[in-house]
1. Given N residues in the range 9-75, what is its alpha carbon radius of gyration divided by 2.2 N^0.38 Å?
2. What do you get when you divide the Cα radius of gyration of the chain by 2.2 N^0.38 Å, with N the number of residues?
3. Considering the dipole of the range 176-314 built from charges on the beta carbon (Lys and Arg +1, Asp and Glu -1) around the Cα centre, which of Gly254, Gly217, Ala200 is farthest to its positive end?
4. For the range 199-331, what are Rg and Dmax over the alpha carbons, in angstrom?
5. Based on DSSP, what percent of beta bridges with both residues in the chain are antiparallel, to the nearest 5?
6. Using only the Cα atoms of the range 297-389, what do you get for the radius of gyration and for Dmax, in Å?
7. Starting at 0 and stepping by 10 Å, how many percent of the alpha carbon pairs of the range 375-461 end up in each bin?
8. By accessible area of protein heavy atoms, probe 1.4 Å, what ranking do Leu414, Leu142 get, highest first?
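The values are calculated or read from the model by the stated rules, or taken from the named source; none is laboratory data. The structure presented is a predicted model; accordingly, all values stated were derived computationally and were not measured. Note that we place each Cβ from the backbone using ideal geometry, even for glycine, and neighbour counts take in every protein chain shown. Accessible surface areas use protein heavy atoms only, side chains included; no ligands, DNA or RNA. Shrake-Rupley method; radii C 1.70, N 1.55, O 1.52, S 1.80 Å.
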Amino acid sequence: MNDILLPPSESPQAIPIWFAATESYSAVCEQLDPKARAFANAAGFEPKPGRHLLLPNSAGALAGVLFGLEPAETSTRDLFLPGKLPGLLPVGVYRFANDPHDTRLAALAFALGSYRFSRYRKAEDREPHLIVPTDIDHRDLLRIVEGVTLARDLVNTPANDMGPEELDTAARLLAERHGATFRAVVGDDLLRDDFPLIHAVGRASTRTPRLIDIGFGEPAAPKVTLVGKGVCFDSGGLDIKSDSAMLLMKKDMGGAASVLALAHMIMDRRLKLRLRVLIPAVENAISGSAVRPLDVYRSRKGLTVEIGNTDAEGRLILADALALADEETPELLIDMGTLTGAARVALGPDLPPFYTAGEDLAAAVGRHAEAENDPLWRMPLWRSYDSLLDSKVADVNNVSSGSFAGSVTCALFLNRFVSTAKAWLHLDVYAWTPTAKPGRPEGGECQAARALYALLTQRYR
């Protein structure tokens, strides 16, 4: 998809796209040549959001495009609406003839809306291309698109071709591309190196569990550690999922995919930080060695964990990875995973919740999420719910004793494994777009990475 966005130029051959809302349509029409204006009037075009009109020249060739936007004063306007254009336009090279509501996000949405998952069947060769406006950082848009494409491809790949080893390979290739260090602790070496929860969750599968570890940047730079849940398929374990709940579980490594996308953006930008990426990669399968309900395991941190439900496995593997990350007292520790249905009940598939005790960090995350059109919503680390994780035989249960506040109690569980990090941020993502939207095709989705990249760029540019 790198060739969707072309570098800035003054190409007279590029087809102009005119953006118009109700309040600006008359002014836009004044800039059209008389024949194009007459054609638009004859066609009865109205600049309603998402509506478009192809304008011909006197020879019948495409001379321009009109595209409707929401009124500027609309508080809920979709800044990704231009992401519809790739599905509407014929093959060609286009340029923005005037400014949409947010030119940078419009160009980004154009590229992200061009995405097609084509590993198993040939994609239609009908991609329009966009010349990036001169005041937009072309290279930065490319690295964001590359990261999102990486995450979407990983999530969309079915589990038979995306197990722990294949996720390991994808991470290794990314590390090699950027000159980063790479290490993986595999199989029974997880016990040797004290990652008992990762081993316990992954040992039932024939596909060997592992902990992926990437390092990048100067050792003396501020340390930022990213932890991504890499459950490459989740049957639920012995507390097996229903067929409908299991159907999309190839996406249960979406946290790892989004973390790798963010890592790519950081490393390609060469931000002035010491990056560490930790991905516990497993398959939650069923066999004679599977974790059983009410089993008790010691974690890397030393806390004993009672298994209240084997389908709450993501927090178990994250716990060991977070404990490792926390040992280095990073300046910022971020974890991301597809963890709870409760988050979807509360906020739906498009708005992942995030948790942090830091007020300044929460405000910054919210600000960048809005600016990047990468929506996130803060939820509380409600301490009085901590007691819902009490166990009669261990230090903590992996699930709540009640049915309420499932995303909150998951965050509280993970918080027990973070004690020295200067700041901690937890995100409960969905990593999937159920119904296509502008700039967001149906299927695997990279959530939170763009917002976090903007935050880290501001801090460590």
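1. On the way: Rg = 12.2 Å, N = 67, 2.2 N^0.38 = 10.9 Å.
Computed over Cα atoms of the range 9-75, the ratio equals 1.12.
2. 1.05
3. Gly217
4. 16.0, 49
5. Working: 26 of 60 bridges.
Counting only bridges with both partners in the chain, antiparallel ones make up about 45 percent.
6. Rg and Dmax of the range 297-389, Cα atoms, are 14.9, 43 Å.
7. 14, 34, 31, 19, 3, 0
8. Working: Leu414 0, Leu142 20 Å².
Order by accessible area, largest first: Leu142, Leu414.
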